[in-house]
1. Those residues that are among the aromatic types (Phe, Trp, Tyr) and closer than 20 Å to Lys546 by Cβ, I need them from the range 711-768; list them, please.
2. Being surrounded by fewer than 17 Cβ atoms within 10 Å (Cβ to Cβ) and either among the hydroxyl-bearing types (Ser, Thr, Tyr) or at positive phi (or both) narrows it down to one of Thr314, Thr267, so name that one.
3. For the range 195-243: of the residues being open to solvent by 70 Å² or more (accessible area, probe 1.4 Å) and in contact with a Pro (Cβ under 9 Å, 6 or more places away or on another chain), which is nearest to Pro153 (Cα to Cα)?
4. Within the range 260-277, does at least one residue satisfy the condition of being in contact (Cβ under 8 Å) with a residue 60 or more places away in the chain and aromatic (Phe, Trp, Tyr)?
5. Take the range 1-51 and flag every residue that is part of a loop (DSSP other than H, G, I, E, B) and not charged (D, E, K, R).
6. Which members of the range 212-227 meet the condition of being hydrophobic (A, V, I, L, M, F, W, C) and farther than 21 Å from Arg177 by Cβ?
7. Output the residues belonging to the range 325-355 that are within 27 Å of Glu283 (Cα to Cα), open to solvent by less than 10 Å² (accessible area, probe 1.4 Å) and among the polar types (S, T, N, Q).
8. Report whether or not Ile173 is open to solvent by less than 60 Å² (accessible area, probe 1.4 Å), part of a helix (DSSP H, G or I), among the aliphatic types (A, V, I, L, M) and farther than 30 Å from Leu240 by Cβ.
Amino acid sequence: MTGKSLEDLEFAKVQAMISSFRLSEEGGAFLSSLPFATEKEELTVRQGYISHILGSMERDGVPSLPLFPSISDVMDRLDEPAPLLEGPHLLDLAHYLRSSEELLAYLLQDEEESMNELIGSGIDPALIALREAICEDLDENGSVRENHPRLKPLYRQLEQIRQKRSSYCSSFIHEHRSYVQSDVEALRDGRLVIPIKDGHKNNVKGYISSVSSSGQTVFMEPFALVDLNNSVLLASNRILVEIAKILHELTLKAKKEEKLLLELRKTVGRADGYYALSRWVHEQRCTVVQLDSEEVRLLDARHPLLKQKAVPITIVLEKGINGVVLSGPNAGGKTVTVKTFGLFALLNQYCGYLPAREGSALPLFDRIFTDIGDEQSIEKELSTFSGHMSRLSAILNHLTPNSLVILDELGSGTDPLEGSALAQAILSYSLKRSALTLVTSHHGVLKEYAYSAENIINVAMEFDEVSGKPTFKIIPNVIGRSHALATAKAMGLPKEVLHDAEELLGSDRIELSSVLRRLEEELRRVEERSKALETVERRWKEENRKLDLKALTIRQQERQLKDDEIRTLARFTRKARQRLEQLVAEIREGELTGEKTKAVKTYLSELDRRVETEQALLEEEEEVFVRPTEFKVGMEVLCGPSKREGTILEKVGKNRYLVAIGSMRMSLKDSDLYLPKNKGPEVRVSYTASSKRAKQEIDVRGFTLEEALEAVEQNIEAALLNNLTTFGIIHGYGDGILSQGIGKLLGNHRSVVDYRFALPEDGGMGKTYVFL
């Protein structure tokens with residue numbers, strides 16, 4: 001991939017977005033040096049790494065991992081022949097090792113074999129021991145701890161000498177009050193001195209340290225105080241020497257593990273690089289790219305640099321198509337579209353994930369060439385057209401069979417007739433020698449050429465005739481009109497100028513433009529009907545989901561009722577057996593009397609009444625179903641134990657019928673068919689349901705309100721099916737539209753018991769807990 005192409009497609013800006021999620025400078029270096037994959041196997045491995053990390057994030061949420069301090073200076077010092085690390089350097093090294101432990105432990109928590117191939121089995125025990133040694137000797141500021149076993153006695157000695165020195169000063173001042181200028185000793189250059197009146201300096205045996213500015217006070221050290229001050233300095237120096245020894249010993253320990261530290265930095269670079277990629281993929285709601293498709297599919301692609309302003313772009317190229325001519329109005333999105341495609345080709349070969357809808361597929365290119373923007377150069381004495389020709393010459397001379405070529409405004413900047421001829425020749429040359437060529441142009445010759453060739457298609461950028469503005473949407477297999485007159489009118493050109501332009505354009509061209517406009521309007525109406533059908537389909541699917549849930553609830557209730565019936569029957573049988581055994585025992589004892597006979601008959605009558613009662617209840621439940629003497633084709637029936645509605649299509653054998661139940665056809669016996677006694681108005685729904693995995697937390701930031709509500713509904717349903725009683729919804733703060741809409745949905749949902757905002761440390765008002 002050439003530097004000019006990377007610059008045109010602004011890949012560096014997206015790479016900077018990805019790098020903003022890194023935790024270490026090694027991760028940034030890894031991302032900067034990560035090459036574009038040109039082999040499917042290599043890119044599949046990258047997708048696997050990101051997929052694993054994404055799985056952990058979706059399951060447990062985005063982790064809160066610590067940042068890595070820079071240890072570049074530390075490693076440079078360790079590389080010296082006689083290294084010496086200061087306390088802050090050693091503390092940075094310890095923090096780096098701690099951050100490494102947490103990052104590697106997070107990535108290896110699932111014991112995935114592929115992650116072991118990427119980053120090994122974790123941090124080396126020797127480095128853990130080094131971190132523990134540093135943290136044991138140094139405090140949070142990087143200083144050797146004062147309670148260090150080797151420093152503690154030295155500090156005790158220093159304190160004793162200081163106390164002795166203070167006691168001497170106090171005694172001297174007390175005994176020589178007439179000599180001293182102040183009742184308190186002074187500190188000069190780390191030494192205690194006594195302020196003596198100038199007139200009494202000869203009465204004190206000692207050294208003069210300094211004199212006050214007025215000359216009235218002399219600061220002196222009596223000879224005894226000189227010795228005490230020297231003792232304090234010597235004790236302090238012993239502490240400094242011991243601190244230097246401790247730091248030196250820690251430095252030697254770090255030097256010993258220098259090779260392991262170098263390997264760790266490489267491991268951290270790889271781990272942090274893929275962590276940053278995964279964070280970006282998660283943030284942008286990217287999907288994995290299919291690498292084995294013979295089609296080119298870019299579905300609802302959102303340019304990451306445009307953020308919320310991005311209009312989703314969809315480009316689908318069937319097998320055999322290796323050229324696209326994009327046409328349409330100025331500022332209509334042609335350049336943005338081809339730049340988005342080129343950028344996504346780079347991103348695909350960088351990480352295998354794209355901010356696009358699931359199902360997107362792209363081939364792998366070994367070279368990507370672009371000619372976008374103004375190539376004018378005063379230094380090289382190139383005009384705009386000459387600059388383009390110079391760039392095109394470099395491109396055409398380096399094409400490969402797996403190249404992607406993107407040419408913006410091909411053939412512009414010169415005579416239209418010569419420019420269009422040259423543009424067609426360049427396009428034809430590129431189509432023969434590259435994998436895919438994308439061209440934007442206003443030249444009618446190129447548009448006609450795209451219709452005549454089998455391996456190239458036209459794509460138009462939609463234009464709203466009512467507002468007079470482009471919509472930035474793509475219409476495949478349609479020639480785009482430049483809408484120059486409409487744009488000029490919108491910009492306020494005089495009517496006379498517009499009228500003259502229409503006459504100069506000619507009636508045939510105006511008629512052709514009208515035909516194209518009518519075709520575009522018809523295509524727009526077809527798309528609107530398609531969207532309406534999709535809305536209806538979504539509504540029916542929603543109803544189907546509710547019916548599915550209701551059916552599941554009914555089945556659970558039926559099972560519970562059966563369990564209750566079995567327990568009731570067991571209790572009845574047990575009591576009946578006990579009563580019968582009691583009656584038999586009474587009959588066997590003594591003579592058979594009338595009272596005993598009457599007791600048996602009474603008990604048997606009670607059993608008969610119980611059976612008759614249960615039978616009546618059963619008949620009452622089943623009286624709504626009637627079995628006709630003969631079933632006929634077209635008859636509406638209820639099928640099987642679950643009484644699902646169906647229609648008899650034909651008789652297929654003795655006592656067997658072919659029945660349509662929704663979208664299914666089944667052969668059933670007549671004993672499995674019923675006819676409702678009283679049928680009211682019926683509503684029949686055909687549906688297919690699929691079980692989805694419930695998520696403990698869903699992130700709807702960046703969704704429209706409709707998309708967010710649908711995601712919440714789906715997760716509620718999945719949660720109920722998977723016995724999940726609570727989950728979280730991350731909707732962010734924003735302007736409150738998502739939060740209010742979701743709150744209204746949850747408040748009216750019959751399956752939601754309660755909902756509330758999260759705790760402040762877990763997202764506060766940007767997140768909602770749901771209880772089912």
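The values are calculated or read from the model by the stated rules, or taken from the named source; none is laboratory data. Keep in mind that this is a model prediction, so the values were computed, not measured. Methodologically, a virtual Cβ is constructed for each residue, glycine included, from the backbone with ideal geometry; neighbour enumeration extends over all protein chains shown. Remember, those area values only see protein heavy atoms, side chains included, never the ligands or the DNA or RNA. Shrake-Rupley method; radii C 1.70, N 1.55, O 1.52, S 1.80 Å.
1. Within the range 711-768, Phe727, Tyr755 qualify.
2. Result: Thr314 is the single residue among Thr314, Thr267 that is surrounded by fewer than 17 Cβ atoms within 10 Å (Cβ to Cβ) and either among the hydroxyl-bearing types (Ser, Thr, Tyr) or at positive phi (or both).
3. For the range 195-243, the residue satisfying everything is Tyr207.
4. Scanning the range 260-277, I find at least one residue that is in contact (Cβ under 8 Å) with a residue 60 or more places away in the chain and aromatic (Phe, Trp, Tyr), so the answer is yes.
5. Met1, Thr2, Leu9, Ser20, Phe21, Leu23, Ser24, Leu34, Pro35, Phe36, Ala37, Thr38
6. Correct list: Val226 only.
7. Thr337, Thr340, Asn348, Gln349 - these are the residues of the range 325-355 that are within 27 Å of Glu283 (Cα to Cα), open to solvent by less than 10 Å² (accessible area, probe 1.4 Å) and among the polar types (S, T, N, Q).
8. Yes; evaluated as a whole, the condition is true for this residue.
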